[in-house]
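Please read the structure below before turning to the comments.
The values are calculated or read from the model by the stated rules, or taken from the named source; none is laboratory data. Only a predicted model underlies this, so the values are computations on that prediction, with no experimental measurement involved. Neighbour counts are summed over all protein chains in view; Cβ atoms, including those assigned to glycine, are modelled from backbone coordinates with ideal geometry. With ligands, DNA and RNA removed, areas are computed over all heavy atoms of the protein, side chains included. Shrake-Rupley method; radii C 1.70, N 1.55, O 1.52, S 1.80 Å.
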Amino acid sequence: TPAYASGKIYSMGATGELFVLDALTGKVIWQKNILSDNNAENLTWAMSAAPLIVDNLVIVQPGGPSGKSIVAYHKDTGAKVWGSLGDRQAYTSPMLVTLANKRQIITVTAMRAVGLEVETGKLLWEYPWVTDYDVNSAQPILIGDSRFILSAGYGHGAAMVDVASGKAERVWENKKLKNKFNSSVFVDGYVYGFDESIFTCIDPKTGEAMWKAGRYGYGQVLAASGHLVITGEQG
């Protein structure tokens, strides 16, 4: 998904091509391949993360080694501002959040969920999260001021994580919500999403399933105007 900021469009392609375009004319302002720029290899099913604009930074996830896994470029010039970690990348996008009263970037690599300091990329906390074939593709779902839920398919499951102490601590973990592609939604105190190919509702406080119904295949869900809008795998 392209990002928009200050009259510019930031678009990431499946082969790692990051284009910054004038939103009115489409003229290329700057571009670079984030894979070759960070000695990174493409993913099995290709890059799919959206760029994140924060302050004067555009944050992307090439998945390179030695401090080149998650990278921040200056959004106007393309100059590299910082690089962090050495994890192979997954299919999630970085998010700007406030957890435990601290503004930070949260994302999921092929190895773990991490919180990073916005200005420097410094690692604030980490939670191991390894899924077969590196398919961490669902976004973390924020639950309250210091907690979030992770979910992944291929039989992995879900976990509630709390970072109130400054470290990532497990509240619960089970196999009752397995988002293979599409992220779940948090509405009116409950989490709704796909457990592999079957739609389900869980109580985020306990991780227990409230109900499981709707064999839609690997579909998608959107919360809007008091409804859950669901598209099935077959359209």
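Residue-by-condition table, conditions (1) loosely packed, with under 15 Cβ neighbours inside 10 Å; (2) farther than 27 Å from Leu99 by Cβ:
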residue	(1), (2)
Ala158	no, no
Gly166	yes, no
Phe186	no, no
Tyr192	no, no
Thr206	yes, no
Tyr216	no, yes
Gln220	no, no
Ser225	yes, yes
Gln234	yes, yes
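So which pairs qualify, if the first residue must be in the stretch 165-182 and farther than 16 Å from Ile106 by Cβ, the second must be in a loop (DSSP other than H, G, I, E, B) and open to solvent by 60 Å² or more (accessible area, probe 1.4 Å), the Cβ gap must be under 8 Å, and the two must be at least 6 apart or on different chains? Here the result reads Trp172/Thr206; Lys176/Glu208; Lys178/Tyr154; Lys180/Tyr154; Lys180/Tyr218; Phe181/Tyr218; Asn182/Tyr218, each pair linking the stretch 165-182 to a residue that is in a loop (DSSP other than H, G, I, E, B) and open to solvent by 60 Å² or more (accessible area, probe 1.4 Å).
Output yes when any residue across the stretch 150-161 is closer than 22 Å to Leu124 by Cβ and of a type in the set (Ser, Thr, Tyr), and no when none is. Yes.
Quick check on my filter: what residues within the stretch 21-48 are part of a loop (DSSP other than H, G, I, E, B), hydrophobic (A, V, I, L, M, F, W, C) and farther than 17 Å from Gly67 by Cβ? Within the stretch 21-48, Ala23, Leu24, Leu43, Trp45, Ala46, Met47 meet the criteria. Among residues of the stretch 18-51 being among the polar types (S, T, N, Q) and closer than 17 Å to Val108 by Cβ, the one that is farthest from the chain's Cα centre (by Cα) is Thr44. Quick one: count up the residues across the stretch 1-18 that are aromatic (Phe, Trp, Tyr) and either within 16 Å of Val71 (Cβ to Cβ) or assigned to a loop (DSSP other than H, G, I, E, B) (or both). So the answer is 1.
Looking across the stretch 204-235, the residues that are part of a loop (DSSP other than H, G, I, E, B) and either closer than 16 Å to Leu142 by Cβ or touching a residue at least 24 places away in the same chain (Cβ under 8 Å) (or both) come down to Pro204, Lys205, Thr206, Gly207, Glu208, Tyr218, Gly219, Glu233. Could you please let me know if Lys176 is under 30 Å from Leu124 (Cβ atoms), of a type in the set (D, E, K, R) and surrounded by 15 or more Cβ atoms within 10 Å (Cβ to Cβ)? The answer is yes for Lys176. Against the condition within 26 Å of Leu43 (Cβ to Cβ) and either open to solvent by 30 Å² or more (accessible area, probe 1.4 Å) or not aromatic (Phe, Trp, Tyr) (or both), how does Ser146 come out, does it pass? Here the answer is no, as Ser146 does not meet what is asked. Taking the numbered list (1) touching a Pro at 6+ places or on another chain (Cβ under 6 Å); (2) modelled with pLDDT under 95 in turn, Ser48 passes all entries but (1). Using the structure shown, decide if Gly26 is among the small types (Gly, Ala, Ser) and farther than 21 Å from Ile9 by Cα. No; evaluated as a whole, the condition is false for this residue. Residues in the stretch 115-130 that are touching a residue at least 40 places away in the same chain (Cβ under 8 Å) and closer than 20 Å to Pro204 by Cβ: Gly115, Trp125, Tyr127. Of the residues Val20, Val71, the single one that is under 24 Å from Ile141 (Cα atoms) and buried (at least 20 other Cβ atoms within 10 Å of the Cβ) is Val71. Residues in the stretch 53-65 that are within 24 Å of Tyr133 (Cβ to Cβ) and open to solvent by 10 Å² or more (accessible area, probe 1.4 Å) were compared, and the one that is farthest from the chain's Cα centre (by Cα) is Pro65. For the stretch 79-101, does any single residue satisfy the condition of being within 25 Å of Asn174 (Cα to Cα), free of Cβ contacts under 8 Å to residues at least 60 places away in the same chain, touching a strand residue (DSSP E or B) at 6+ places or on another chain (Cβ under 6 Å) and not in a loop (DSSP other than H, G, I, E, B)? Within the stretch 79-101 (the criterion being within 25 Å of Asn174 (Cα to Cα), free of Cβ contacts under 8 Å to residues at least 60 places away in the same chain, touching a strand residue (DSSP E or B) at 6+ places or on another chain (Cβ under 6 Å) and not in a loop (DSSP other than H, G, I, E, B)), the answer is yes, since at least one residue qualifies.
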